[in-house]
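Everything below concerns the one structure shown next.
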Amino acid sequence: MTEDQVTVVPVVTPAPPVRPEDYDAATRAVLHHIDGQAVRAVADGRPERTRKGYAQDWTSWSKFCADSGVPLLAVTPGTLVMFVEWLWTQPGSKPGTGTAPSTIDRRLSGTVVSARAEHGLKLEDGIARLARNRLKQLVKEMETNGETRGRGQAPPLLVDHLIRISAACPDNLMGIRDRALVLMHFAVAGREHELAANRVRDYTDTPGGIQADMRVSKIRPRVVPVPYGSRPSICPVRAWTAWKEAAGLDDPDGYAWRRLHNRWHTVMDAGLQPESIGDVVTRAGERAGIEIRFYQTDPDAPGYKEGEREVRHTVIRLIRDHLRLPPVQPHSWQGLDFDFTGVTFDGGDLSGAKFSGGVVRFDGAEFSGGSVDFATCRLAGEAAPLQ
């Protein structure tokens with residue numbers, strides 16, 4: 001080859017990828033099958049109780065469609081409003097009453113979830129908003145007329161109730177676990193899925209008690225300081241320590257709240273499921289003759305219980321009392337961070353509290369329905385920025 005000769009290397013340009021709108025029928029069928037399998041796998045992975053609940057909700061929707069002539073998959077803002085109005089006329093759990101607002105709200109949620117997950121409908125976000133607004137109107141009319149639906153308002157869970165629940169727990173491994181779980185549930189204002197995810201390492205010792213790391217949360221991960229209680233019988237710190245020692249929870253990566261063997265009542269490696277957490281709390285209340293129900297925290301939501309306001313005010317007073325103590329006191333919370341992001345303040349007393357040495361956040365906090373007393377409350381210098 002001479003210097004004037006040049007070697008030509010052919011360049012092969014790859015064909016552009018086929019765009020989704022150009023897929024042939026066979027490819028579309030395969031992708032549709034894959035999507036269906038994925039939806040089914042996720043649906044089958046839900047807890048059995050959740051699956052049964054959604055199935056009941058969809059059965060109710062199917063009956064509504066059959067009665068009204070609405071196509072089964074016509075899940076739209078308008079048909080959901082019709083669904084609410086139809087449910088409102090259906091008999092409730094008590095003879096002579098109508099369907100409870102909380103049940104209707106749950107039927108809405110289950111129908112929308114089932115339409116998306118089970119039937120592959122692509123529904124817009126907030127599709128049930130109009131229907132829930134209609135439900136609120138019906139609830140106001142019901143209250144104006146003095147009508148009662150459902151089980152009625154549940155009383156707030158207060159200190160006297162905790163004393164009775166703790167005393168009613170049996171003197172065995174199950175009773176030790178149930179007492180600790182109820183008291184911790186109350187102390188951290190936790191949700192069932194948050195406690196079910198907790199490992200032993202999520203509860204760390206502090207001079208004034210323990211810190212509970214609610215690291216897995218559908219709402220907001222957070223670290224909650226849990227102080228020693230003034231009453232040993234309902235102290236969550238002492239109850240947790242007793243359960244940890246009795247159950248031999250030595251592995252920091254093991255579940256904090258364990259299942260017990262059905263026959264031998266020995267501690268198993270598996271943790272309690274969220275539904276089981278709720279069952280334990282409910283059963284503990286039943287032993288003491290106290291009905292425990294988990295309810296809405298949104299003041300505008302159907303099923304909201306006014307008693308929770310008293311619980312919120314109790315928590316605020318607890319924070320205030322610990323922030324009034326000087327830093328040298330072992331139970332003082334001065335120097336800790338406080339994250340009130342998204343919290344509803346509908347009254348309460350923080351007078352005399354001193355936030356120092358930590359960060360205090362009120363991002364998105366809502367002050368409504370009452371006044372919060374900040375008299376002589378102090379944010380000490382640059383060490384305690386208010387965010």
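The values are calculated or read from the model by the stated rules, or taken from the named source; none is laboratory data. On a predicted model such as this, the values are computed, not experimentally measured, just so you know. For neighbour counting, all protein chains shown are included, and Cβ atoms are generated from backbone atoms with ideal geometry for every residue, glycine included. When the accessible area is computed, the model is the full protein with side chains, heavy atoms only, and any ligands, DNA or RNA have been set aside. Shrake-Rupley method; radii C 1.70, N 1.55, O 1.52, S 1.80 Å.
Each label was represented as a point 7 Å from its Cα along the Cα-to-Cβ direction; for THR266 and THR13 these points are 7.2 nm apart. At an R0 of 35 angstrom, the distance between the Cβ atoms of PHE340 and SER233 translates into a FRET efficiency of 0.70.
Packing-based ranking of 98-111, 197-210 yields 98-111, 197-210, ordered from highest to lowest mean Cβ neighbour count within 10 Å.
Give me the net charge for the shell around ALA168: Cβ to Cβ below 12 angstrom, other residues only, Lys and Arg +1, Asp and Glu -1. Please list the in-between numbers first.
Working: positive: ARG164, ARG179, ARG283, ARG287; negative: ASP171, ASP178, GLU286.
Summing Lys/Arg as +1 and Asp/Glu as -1 gives +1.
Other residues whose C-beta falls under 10 angstrom from the C-beta of ARG259 contribute a net charge of +1, scoring Lys and Arg +1 and Asp and Glu -1.
Placing a label point 7 Å from the Cα of LYS52 along the Cα-to-Cβ line, the residues of the stretch 260-295 whose backbone N sits under 18 Å from it are 273-283, 294. I want to make sure I understand the PRE zone here: with the label point 7 angstrom from the Cα of ARG164 toward its beta carbon, which residues in the stretch 265-285 have backbone N atoms less than 18 Å away? It comes to 281-285, nothing else.
Largest accessible area first, the listed residues MET142, MET214, MET268, MET82 line up as MET82, MET268, MET142, MET214 when surface is computed with a 1.4 Å probe on the assembled protein chains.
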